[in-house]
Amino acid sequence: MHHQWLLLAACFWVIFMFMVASKFITLTFKDPDGYGAKQEPLILTAVTKVEEVHVPEEKHWPEEFQPTGKAFSGNLIRQPLVHMERLELLRNVCRDAALRDLSHTAVSKFVLDRIFVCDKHKILFCQTPKVGNTQWKKVLIVLNGAFSSIEEIPENIVHDHEKNGLPRLSSFSDSEIKKRLNLYFKFFIVRDPFERLISAFKDKFVHNPRFEPWYRHEIAPGIIRKYRKNRTETKGLQFEDFVRYLGDPNHRWLDVQFGDHIIHWVTYVELCAPCEITYSVIGHHETLEDDAPYILKAAGIDHLVSYPTIPPGITVYNRTKVERYFSGISKRDIRRLYARFEGDFKLFGYREPDFLLN
């Protein structure tokens, strides 16, 4: 009798575990394409309607979610759900008619110029400056075979698109572009929009590398002439001037003069068209320690290359720094800036800054 009860209990346990496993598999392998917007058949023309067409994608979610080593830092089970939630949020915001002007853009040559191609492993990477893109470009350079390891890549080669072996999506014919957008694994990285703007300002106008003189000698004077309130002030570009320029609804006339240099502070929407292109994964700079190995595994390349070591604390959101930079700027100017970047905040789940709520 004792053995019969044990056998019965074992049977119930097996049935229960089977039901749990079935639920888990259903949730985990839910089609990731359902969380992105549809792609327009004509790549270089009008903005798409998110709800209408489902574009088939290759499935790049890991085939199993069991611990396989150190790569996922104990978050192996949680990671796929996090990324599915991000794509679901993106889909929902893309459908919000009230935010349409801030979330949709045409997939123009400007967007296609931002997307780098690895044909060998069927990967597309959209560049969003000031979120660690240099390291991702190194990963793709190695995958494309230009160098055998990340350590061998000279720093001056990474951004030299004549020598780094990274073709842009814009270099292909329309039919080849469509094929790659439909079939390849696609990803990009985002960061708190205001912190990204601070990083861009510091890099281009404060530190300003010698090989980029135009930021100080051409772009900064243009912004100062138009947006500095105190005309007798002779200091270089201040963050307040920068915010006033970015928040101006008529900023585009200056952007045209500045050319592609503005990619360092253009919205993620304008750079990567996330409501028009069905991305496979959207990484966050703040969780890059977990997101980078996840992206490599989801793309099926984790056995070929590793993301470079991330210095401790470099990806952590610095609220104090953000508040300090915005402390001397008028609420009006900050609100105008937020109005321009609201699409980025909403699409990727970033909270409106506290100093705007007070």
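Its Cα gyration tensor gives the range 77-356 an equivalent ellipsoid; the semi-axes, largest first and in whole Å, are 31, 22, 19.
For the range 77-356, give me the percentage of DSSP beta bridges that are antiparallel, rounded to the nearest 5 percent.
Working: 5 of 12 bridges.
That works out to approximately 40 percent antiparallel.
Phi angles across the range 281-288 convert, under the Karplus curve 6.51 cos²θ - 1.76 cosθ + 1.60 with θ = phi - 60°, into 3J(HN,Hα) values of 8, 10, x, 10, 4, 5, 10, 5 Hz, Gly and Pro given as x.
Among the chymotrypsin sites (Phe, Trp or Tyr not before Pro) within the range 253-312, not one is in coil by DSSP while having at most 12 neighbouring Cβ atoms inside 10 Å.
Report the antiparallel proportion of the DSSP beta bridges in the range 114-237 as a percent, rounded to a multiple of 5.
Values: 5 of 8 bridges.
Looking only at bridges with both residues in the range 114-237, the antiparallel portion is about 60 percent.
Given H placed on each backbone N at 1.01 Å, which residues far from H284 in sequence or on other chains put an amide H within less than 5 Å of it? So H284 has HN proximity to V190. With each label modelled as a point 7 angstrom along the Cα→C-beta vector, the Q257-R168 pair spans 2.3 nm. Projected onto their three principal axes, the Cα atoms of the range 182-263 cover extents of 56, 31, 24 Å, largest first. Annotation: amide H-H contacts under 5 Å for K186 (H modelled 1.01 Å from N, sequence separation of 5 or more, or interchain): L124, S280, V281. Between the amide H of V107 and those of T45, distances stay under 5 Å, these residues lying 5 or more places away or on another chain, with hydrogens modeled in the peptide plane. Listed values for the range 148-164 are Karplus-derived 3J(HN,Hα) couplings in whole Hz (6.51 cos²θ - 1.76 cosθ + 1.60, θ = phi - 60°), namely 7, 8, 4, 5, 7, 7, x, 4, 6, 8, 3, 9, 8, 6, 8, 10, 8, and x replaces Gly and Pro.
Along the axis of the charge dipole computed for the range 77-356 (Cβ charges of +1 for Lys and Arg, -1 for Asp and Glu, origin at the Cα centre), the listed residues S103, G313, L356 are led at the positive end by L356.
Computed from the coordinates by the stated procedures, all read-outs in this text should not be read as laboratory data. From a predicted model like this one, the values you see are computed outputs, not experimental measurements. Using ideal geometry, Cβ is built from the backbone for each residue, glycine included, and neighbour counts are taken over all protein chains shown.
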